[in-house]
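Just below is one structure, and these are the notes that go with it.
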Amino acid sequence: MLLLSCFNKWGDFVILYINTLGGFDVSIGEKTLVEESNRSYRLIKLLQYFITFKNKNLLPETIIDNLYKDNDSPDPKNMIRGQIFRLRQVIKKLVHEGTSESDYLNITFKSGYYCLEVGNKVIVDKDEFEKLILDGDQLMLTDTDAASATYSSAVALYKGGYLGDSQYEMWLVPVRNYYRRLFLKVIFNMAELLKEKGKYEDIMILCERAISIEPFEESIHIYLIESMLKLGKIKNAMSHFEYITEILEKENGARLSPGLKEIERKIQHNYNEKSNMDVVNVKDKLELTINDGPFLCDAEYFKFLYNLHNRKRNPMDSSDFISLITLNPTGKTPSANRELIKLWSEDMTKVLMKTLRKGDVFSFWNDTQILALLPDVKDNGTNSIENRIYANLRNLNQSNPYDLKIKFVPIESSFSLT
């Protein structure tokens with residue numbers, strides 16, 4: 001276990017920070033206490049439990065039932081006494097010799113109850129998060145600009161589920177749901193404040209940040225799509241609507257909710273309003289339906305969709321791929337190459353719209369490269385996709401003047417598009 005000094009180089013007290021929103025860490029100065037081995041796992045877990053219920057009296061039986069229910073120790077109370085003794089030793093190492101434990105973290109035992117007392121030299125992010133929200137709620141009544149700024153500080157603190165989403169314990173469920181509910185409340189309050197001021201670009205930024213943490217919260221997507229429509233980004237709104245309805249259907253097996261049906265109606269209305277209605281195209285406009293093929297979007301939106309997909313995917317799933325399609329210009333003059341690239345762009349759009357599936361996404365990354373997001377490709381399906389691309393391209397353009405390279409790379413959770 002690390003020995004962390006609570007003094008800086010000038011001999012001043014240093015605050016001990018405890019981060020719980022999106023993971024778990026305890027830090028003093030530039031050093032951090034992290035779980036480095038399985039030996040310390042139980043102590044870290046016990047410390048997390050005490051921090052969750054800090055300054056509260058806890059019966060040994062309650063701690064045992066929540067943390068050590070499956071332990072086969074013949075004397076569980078003695079076992080937990082030993083664990084708490086070792087945890088006290090770890091906590092002592094977090095403060096410099098000669099400083100008071102009461103300023104930092106101090107586990108007491110009184111009248112049959114354990115209690116983690118947190119001193120005034122400790123900052124816990126969840127406490128700051130709650131305080132900022134309370135302050136923002138009060139400011140909503142008097143100063144909406146200050147309320148929005150305060151809420152924004154709260155959003156910056158929330159980096160994910162309480163103690164991270166990787167671990168699952170029954171005692172964690174209500175606590176995690178509580179902070180998740182607070183986070184969503186702040187997002188919705190901020191979105192409404194920004195909507196009143198017509199700051200739709202800011203709503204988009206806010207929603208994209210929130211979606212990276214809560215990808216399946218329908219209301220956030222509705223705010224995002226509404227903002228796109230207000231800004232005239234109708235194609236982006238359509239693409240995102242198609243994307244999220246596909247994702248939610250896969251995740252929940254549910255059809256369109258009333259909220260999404262209303263958004264679909266707004267998209268169709270905006271599409272028709274934006275277009276010049278004439279006798280020739282009116283029938284097509286009125287019959288507008290959601291595309292059954294892949295999604296074509298610009299490079300920036302592709303990055304957003306890719307990073308969103310990468311966050312929600314199972315890291316053990318090896319069936320998701322990124323495909324890179326590259327054109328090697330072969331023209332002898334710049335003018336010839338420009339004509340080739342223009343023709344290639346038109347042909348590849350038609351080919352990929354025909355070849356790829358509903359739920360796939362592709363984008364022209366630059367003049368000579370296309371990126372495609374291909375989820376759930378199984379049984380050597382990349383070979384089949386590649387063969388269909390070449391075949392459909394030949395059928396479309398018999399002369400086939402293109403020198404193409406197609407590469408497929410399995411998606412890894414550690415890789416993000418920036």
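The values are calculated or read from the model by the stated rules, or taken from the named source; none is laboratory data. Here the structure is a predicted model, which means the values were calculated and not measured. FYI the Cβ positions are ideal-geometry reconstructions off the backbone, even for glycines, and counts take in every protein chain you see.
Only one entry in Arg209, Arg265 is closer than 19 Å to Glu300 by Cβ and either in the same structural domain as Gly23 (by TED's automatic domain parsing) or out of contact with any strand residue (DSSP E or B) (no Cβ under 8 Å at 6 or more places or on another chain) (or both), namely Arg209. For the range 378-396, taking the residues that are within 26 Å of Glu251 (Cα to Cα) and modelled with pLDDT of 90 or more, the one that is farthest from the chain's Cα centre (by Cα) is identified as Ile385.
Taking the range 377-418 as the range and being of a type outside the set (A, V, I, L, M), within 20 Å of His309 (Cα to Cα) and in contact with a Lys or Arg (Cβ under 9 Å, 6 or more places away or on another chain) as the test, the residues that pass are Ser413, Ser416, Thr418. Can you work out which of the residues in the range 315-370 that are among the β-branched types (Val, Ile, Thr) and at pLDDT 90 or above is farthest from the chain's Cα centre (by Cα)? In this case the residue turns out to be Val351.
State all residues of the range 154-177 that are outside any helix (DSSP H, G or I) and closer than 16 Å to Glu208 by Cα; if no residue qualifies, say none.
Those that are outside any helix (DSSP H, G or I) and closer than 16 Å to Glu208 by Cα: Tyr158, Lys159, Gly160.
Identify all residues within the range 239-271 that are within 22 Å of the chain's Cα centre (by Cα), over 15 Å from Phe304 (Cβ atoms) and among the aliphatic types (A, V, I, L, M); write none if there are none. Across the range 239-271, the qualifying residues are Leu248, Ala254, Leu260.
Determine, yes or no, whether Ile220 is at pLDDT 95 or above and surrounded by fewer than 16 Cβ atoms within 10 Å (Cβ to Cβ).
Considered against the rule, which asks whether it is at pLDDT 95 or above and surrounded by fewer than 16 Cβ atoms within 10 Å (Cβ to Cβ), Ile220 comes out as no.
Yes or no, residue by residue, for (1) free of Cβ contacts under 8 Å to residues at least 60 places away in the same chain; (2) outside any loop (DSSP other than H, G, I, E, B):
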residue: Gly198; (1), (2): yes, no
residue: Ser212; (1), (2): no, yes
residue: Pro215; (1), (2): no, no
residue: Glu226; (1), (2): yes, yes
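Ile213: farther than 14 Å from Leu308 by Cβ, in contact with a Gly (Cβ under 6 Å, 6 or more places away or on another chain) and of a type outside the set (Lys, Arg), yes or no? In short, no.
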